[in-house]
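Below is one structure; the comments refer to it alone.
Values quoted throughout were computed directly from the atomic coordinates according to the rules given, and no laboratory measurement underlies them. All figures in this text were calculated on a predicted structure; none of them were measured in a lab. A quick note on method: Cβ atoms are made from the backbone with ideal geometry, for glycine too, and the neighbour counts reach across all protein chains shown.
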Amino acid sequence: MADTTPVHCIGIILDGNRRWAKERGLPQLEGHRRGFNNLKSAARWVRDRNIPHLVVYAFSTENWKRSEEEVAYLMDIFRGAIRDSGEELGKEGIRTRFIGQRERFSQDIQDGIREAEEKTKANSKMTLWICLSYGARAEITAAAQAAASDGVITEESLRAHMWSAEMPDPDIIIRTSGEHRLSNFLLWQAAYSELFFIKPHWPDFNEASLDAVLAEYAERERRHGK
């Protein structure tokens, strides 16, 4: 029996920027630029389908280990992406929230994050959750420490202390570029998510890709362990 439950939250692991560039003989950094431009488009596609939440895995805790040149370039992209989320997407009714270890970023990026969240907090058409310096193990560890300090450790108290506490668990998680793993993305929240591992690299992900996932999701039966 197909599941007719509305989709409330989609998660996407934005994978394949570097491979997309390599296949085209372009610098790896160009792949990142194209990938982040595509993120703005994807936010609009999700909003236009009346799905209230989109959460994207943009930069993991492990990504800090990449070359200094690549990390520096990504930081410049983040500055622009944070600004655009507060201004361009903000004017289109999209709220932006950020999840992860904010303290690891430079002060200007931290300030930009706060400003973007403040500017868009009243927007209600869709919430875009951007995971920056995020890792599920780090999130769960931090939540456990906070819950322990309160003296109560339950599933509910752990979830309430997570960086993503106000975000609904994703109904769907998509990973682009053909890899079949979650790579430390929303491990707690993905307990009952429907997983889609698709071949296109992230810069090639488009509206047709999204609609194909939504069509297949509508045919799946979600049991939630029952």
Worksheet item: In nm, to one decimal, how far is the Gln145 label point from the Lys121 one, both placed 7 Å along Cα→Cβ?
Response: 2.6
Item to complete: Could you pull out every residue, at least 5 positions away or on a different chain, whose amide H is within less than 5 Å of the one on His8? Hs are placed 1.01 Å off N in the peptide plane, and Pro or chain starts have none.
Response: Asp171
Practice prompt. Report the net charge of residues surrounding Trp64, where surrounding means a beta-carbon distance below 12 angstrom and charges are Lys +1, Arg +1, Asp -1, Glu -1.
Written response: 0
Response to the item:
With x for Gly and Pro, the residue-by-residue ³J(HN,Hα) of the range 74-80, computed from phi through the Karplus equation 6.51 cos²θ - 1.76 cosθ + 1.60 at θ = phi - 60° and given in whole Hz, is 4, 4, 5, 4, 4, 4, x
Worksheet item: Residue by residue, what Karplus-based ³J(HN,Hα) values in Hz, rounded to whole numbers, does the range 196-203 have, using 6.51, -1.76 and 1.60 with θ = phi - 60° and x for Gly and Pro?
Response: 10, 10, 10, 6, x, 5, 3, x
Item to complete: Once you've got the GNM for the chain with C-alpha springs shorter than 10 Å, pick whichever of Thr141, Thr96, Thr154 has the biggest mean-square fluctuation.
Response: Thr154
Worksheet item: Which pairs, out of Lys40/Lys91; Lys65/Lys119; Lys65/Lys199, put more than 20 Å between their alpha-carbon atoms?
Response: Lys65/Lys119; Lys65/Lys199
Discussion item. Could you tell me the calculated FRET efficiency between Phe197 and Asp76, based on Cβ-Cβ distance and R0 = 25 angstrom, to the nearest 0.05?
Written reply: 0.25
Discussion item. Full-extension gain between Arg104 and Ser41, please, as 0.36 nm times their residue separation minus the C-alpha to C-alpha distance.
Written reply: 19.9 nm
Response to the item:
Exposed GluC sites (Glu not before Pro) being those in a DSSP loop with at most 15 other Cβ atoms within 10 Å, the longest stretch of the chain free of them is 1-86
Worksheet entry | Magnitude of the charge dipole, the range 129-226, Cβ model with Lys/Arg +1 and Asp/Glu -1, debye to 20 | 320
Worksheet item: With +1 on each Lys and Arg Cβ and -1 on each Asp and Glu Cβ, how big is the dipole of the chain about its Cα centre, in debye rounded to the nearest 20?
Response: 220
Practice prompt. With a ≥ b ≥ c taken as the square roots of the eigenvalues of the C-alpha gyration tensor of the range 76-226, please select rounded if a/c is under 1.5 and otherwise prolate if a/b is larger than b/c or oblate if it is not?
Written response: oblate
Worksheet item: Which far-off residues, 5 or more places away or on another chain, put their amide H under 5 Å from the one on Ala58, with H placed in the peptide plane?
Response: Cys131
Discussion item. Suppose R0 equals 35 Å. What FRET efficiency, 1/(1 + (r/R0)^6) with r the Cβ-Cβ distance, do Ile153 and Lys65 give to the nearest 0.05?
Written reply: 0.65
Worksheet, complete the sentence: extent check for the range 1-150: Cα max minus min per principal axis, descending, whole Å, gives 43, 42, 38
Worksheet item: From the backbone phi of the range 60-69, what are the Karplus-calculated ³J(HN,Hα) couplings (6.51 cos²θ - 1.76 cosθ + 1.60, θ = phi - 60°) in whole Hz, Gly and Pro given as x?
Response: 8, 4, 6, 5, 4, 7, 5, 4, 4, 4
Response to the item:
Amide H contacts under 5 Å for Phe98, restricted to residues at least 5 apart in sequence or on another chain and with H modeled in the peptide plane, are Ile130
